[in-house]
Amino acid sequence: MCYSRNINMNHKEEFEKKGYIAFNNASLNISMLEQAKLRISHLLASKYETGVKPWSHFGDGNSELTRLSQIHMCDSIIYKTITQSKIGELAAEITGARNIKIWGCQLFHKPHSTGLKGNVGFHRDSQHMPFFKKGVLTAWLPLNTITHNNGPLMVVNGSHKWPKTLINTGGDRQDIAEQVQLLRSYYTDHEWNEDAITLELGGISFHNFEALHGSYPNRTEADRSVITIGLFTEDVQLNNGVDDYGYGLILNDERFCPTIFSKETY
């Protein structure tokens, strides 16, 4: 059967131009997202429904930004939540890819009123995961409404096309005001525009692997939880000269790295 699919070129062009795109009406399963949110307290308390531990767990879940990796292997509800076919369809639409797979995921739990300890410094995903050279992108899936006050994802518009530098970048930098000042003084030939991505529950955003992004404090009285999903296409290229952090062993394992969009199903 001949493969054909209508790609929204406006969405694809927007993603390529800005380095990110947000969908507030993504037709995701709201009930499933609400169920996934209820699982967060279990994960933070190191209670894993499947008996499988996350690959890493940083933070106490209360006083600072807390990050857990590969949580889809820890909980079946989380697994179902991030493998919704709609996520794969949107990723294929904005990239023009024929196949979309998950390479990993992380929970970013930003407790309320944590100040600088809740910040994520501006960084490129590529600098923290240099194993992937091409054919990757990141989905940002909130488990609650994201407002300007609870630490939305901030993306520097167009920065995926800028010269790459590790100077003054990094997700671990928490004094973002100082960091931004240093970065702006470095990128004097580029206009620094931080776009805040606010989303209703059921919304999702995607950003380029090279786009500078981070997030400021959660200034509300409620915690904010987001799952980031690492995606790769059939165009993926790997850098075998660096540490793969274990991902090299699982990319072809559908249990760890499930396919969420394939041309064969459309």
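The values are calculated or read from the model by the stated rules, or taken from the named source; none is laboratory data. This one's a predicted model, so the numbers in the text were calculated from it and none came from an experiment. With ideal geometry, Cβ positions are generated from the backbone for all residues, glycine too; neighbour counts draw on all protein chains shown. These area figures cover heavy atoms from the full protein model, side chains too; ligands, DNA and RNA do not enter into them. Shrake-Rupley method; radii C 1.70, N 1.55, O 1.52, S 1.80 Å.
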Test: residue in the range 156-163 that is closer than 13 Å to Val120 by Cβ and crowded, with 20+ Cβ neighbours inside 10 Å = no
Return the pairs, sorted by first residue and then second, in which the second residue is in a helix (DSSP H, G or I) and of a type in the set (D, E, K, R), the first residue lies in the range 62-81 and is within 14 Å of His42 (Cα to Cα) and free of Cβ contacts under 8 Å to residues at least 60 places away in the same chain, the beta carbons are less than 6 Å apart, and the residues are 6+ apart or on different chains.
-> Asp75/Arg39; Ile77/Arg39
In the range 95-120, what count of residues is obtained for those that are within 16 Å of the chain's Cα centre (by Cα), closer than 23 Å to Tyr247 by Cβ and open to solvent by less than 40 Å² (accessible area, probe 1.4 Å)?
-> 10
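Condition check ((1) under 30 Å from Asp175 (Cβ atoms); (2) in contact with an Asp or Glu (Cβ under 8 Å, 6 or more places away or on another chain); (3) modelled with pLDDT under 95) across all residues:
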{"site": "Ser4", "(1), (2), (3)": "no, no, yes"}
{"site": "Ile7", "(1), (2), (3)": "no, yes, yes"}
{"site": "Lys17", "(1), (2), (3)": "no, no, no"}
{"site": "Leu33", "(1), (2), (3)": "no, no, no"}
{"site": "Ser41", "(1), (2), (3)": "yes, no, no"}
{"site": "Gly61", "(1), (2), (3)": "yes, no, no"}
{"site": "Gln70", "(1), (2), (3)": "yes, no, no"}
{"site": "Met73", "(1), (2), (3)": "no, no, no"}
{"site": "Lys80", "(1), (2), (3)": "no, no, no"}
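What strands (runs of 3 or more DSSP E) lie completely within the range 11-89 and have 3 or more residues being crowded, with 16+ Cβ neighbours inside 10 Å? Can you show your working first?
On the way: elements: 20-23, 56-58, 66-69.
Those strands (runs of 3 or more DSSP E) span 20-23, 66-69.
Kindly indicate which of Thr265, Thr220 is at pLDDT below 95, within 30 Å of Ser76 (Cα to Cα), open to solvent by 20 Å² or more (accessible area, probe 1.4 Å) and not charged (D, E, K, R).
Answer to the check: Thr265.
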Just give me the residues in the range 41-66 being under 22 Å from Thr114 (Cβ atoms) and out of contact with any helix residue (DSSP H, G or I) (no Cβ under 9 Å at 6 or more places or on another chain), in sequence order.
-> Ser41, His42, Leu44, Ala45, Ser46, Ser56, Phe58
Which numbered condition Gly151 misses (of (1) surrounded by fewer than 23 Cβ atoms within 10 Å (Cβ to Cβ); (2) on the phi > 0 side of the Ramachandran plot) = (1)
